[in-house]
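A quick write-up on the structure given underneath.
The values are calculated or read from the model by the stated rules, or taken from the named source; none is laboratory data. Computed from a prediction, not measured in an experiment: that's the story for all the values here. No Cβ is skipped: glycine too gets one built from the backbone with ideal geometry, and neighbour counts run over all protein chains shown.
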Amino acid sequence: MLPIIGVVVVLGCVFGGYVAAGGHLDIIMKALPFEFLIIGGAAIGAYMIANGSTILKKTGGDLGKALKGPKWKKEDYTALLCLLFELVRLGRANPMAIEAHVESPHESDIFGKYPKIQHDHHAVDLICDYLRAAGMSFDNPHQVDDIMERELEKHHEEALATAGALQTMADGLPALGIVAAVMGVIKTMGSIDQPPEILGKMIGGALVGTFLGVFLSYGVVGPLAARIKAIHDEEARFYSLIRDVLVAYLNRHQPNICIEVGRKNVPGHMQPSFFEVEEALDAVKSGTAPAAAAA
């Protein structure tokens, strides 16, 4: 919702200020569809040339993400801490018993309590792969931390591909606006024998191309790319929390300490308090499903 409000504010201020200053919208509105076709069509075509099918498919999902906001909410971080607590507590008490959960997470009754996390393949793979490795005696905390860090960086870099591609498009839009403006000038020069009032409107229409390219770049596409990047940066913290807890587990800390290490690395505006986590863990210990598990 906030991005939509932002677009409305941008449009209202730009065009409202123009009208308030005495400008007339008729020239802009007459030229806008054609200029938008030239600039927008060229930008989309260039986007298709520059990017592979994988990024093109991800673009739609990331644009939806920009409107909806980050996937993970505060209750999801609490649920993840509860899930990891159950797993590391079981792994500490009975290492053999954890195998069934990491080998078949979609059939696991522990993972089943947290359906939103269970349906996120990257989160499940991270948890299961490294708990499985720990069961195979690959339990050097420093090595695991390094490997997980590289895997998280690779995943994050792939997730940011759309944001980078859109930023590249934003950088090119002003130049495409100049292309459209030059084409408008060429058209005007072909009608140089027309009266000044007609030539003035034609030149004004040509300048709409420059305006539209700059406006789309700095008022729409650039901010959209920045928002997508910010969302992916925030979501990456969710997966980093998994690394923090599992590395603490491999360092032989007690389950509650592992969870506290993870809690400290939750983004500030999403971070549950110590007492909120303790309450959720008490519910897990008593067999009561966390509130977020039903989400």
Verdict on Gln143 being free of Cβ contacts under 8 Å to residues at least 40 places away in the same chain and under 24 Å from Gln271 (Cβ atoms): no
Scan of the range 80-99 for residues that are hydrophobic (A, V, I, L, M, F, W, C) and either over 24 Å from Phe238 (Cα atoms) or surrounded by 21 or more Cβ atoms within 10 Å (Cβ to Cβ) (or both), ordered by number: Leu80, Leu81, Cys82, Leu83, Leu84, Phe85, Leu87, Val88, Ala93, Met96, Ala97, Ile98
Any chance Val179 is closer than 24 Å to His24 by Cβ, surrounded by 13 or more Cβ atoms within 10 Å (Cβ to Cβ) and among the β-branched types (Val, Ile, Thr): no
Looking only at the range 263-288, and only at residues there that are surrounded by 17 or more Cβ atoms within 10 Å (Cβ to Cβ), within 11 Å of Cys82 (Cα to Cα) and modelled with pLDDT of 90 or more, the one that is farthest from the chain's Cα centre (by Cα): Leu281
Residue check for Gly112: surrounded by fewer than 12 Cβ atoms within 10 Å (Cβ to Cβ) and modelled with pLDDT under 95: no
Those residues of the range 121-140 which are buried (at least 16 other Cβ atoms within 10 Å of the Cβ) and in contact (Cβ under 8 Å) with a residue 40 or more places away in the chain, in sequence order: Ala123, Leu126, Ile127, Tyr130, Leu131, Ala134, Gly135
Residues satisfying the stated conditions in the range 263-277, i.e. assigned to a helix (DSSP H, G or I) and more than 16 Å from Ile242 (Cβ to Cβ): Phe274, Phe275, Glu276
Residues that are within 28 Å of Ile186 (Cα to Cα), touching a Gly at 6+ places or on another chain (Cβ under 9 Å) and either of a type outside the set (Val, Ile, Thr) or crowded, with 19+ Cβ neighbours inside 10 Å (or both), drawn from the range 206-247: Ala206, Leu207, Val208, Gly209, Thr210, Phe211, Leu212, Gly213, Phe215, Leu216, Ser217
In the range 217-236, the residues that are in contact with a helix residue (DSSP H, G or I) (Cβ under 9 Å, 6 or more places away or on another chain) and either of a type in the set (D, E, K, R) or farther than 21 Å from Lys68 by Cα (or both): Ser217, Tyr218, Arg227, Lys229, Asp233, Glu235
Qualifying residue in the range 248-263 (condition: free of Cβ contacts under 8 Å to residues at least 12 places away in the same chain, out of contact with any Phe, Trp or Tyr (no Cβ under 7 Å at 6 or more places or on another chain), at positive phi and of a type outside the set (Gly, Ala, Ser)): yes
Residue selected from the range 1-29 under the condition loosely packed, with under 10 Cβ neighbours inside 10 Å and not in a helix (DSSP H, G or I), by the criterion modelled with the lowest pLDDT: Met1
Scope the range 58-75; condition over 30 Å from Ala280 (Cα atoms) and loosely packed, with under 12 Cβ neighbours inside 10 Å; matching residues: Gly60, Gly61, Gly64
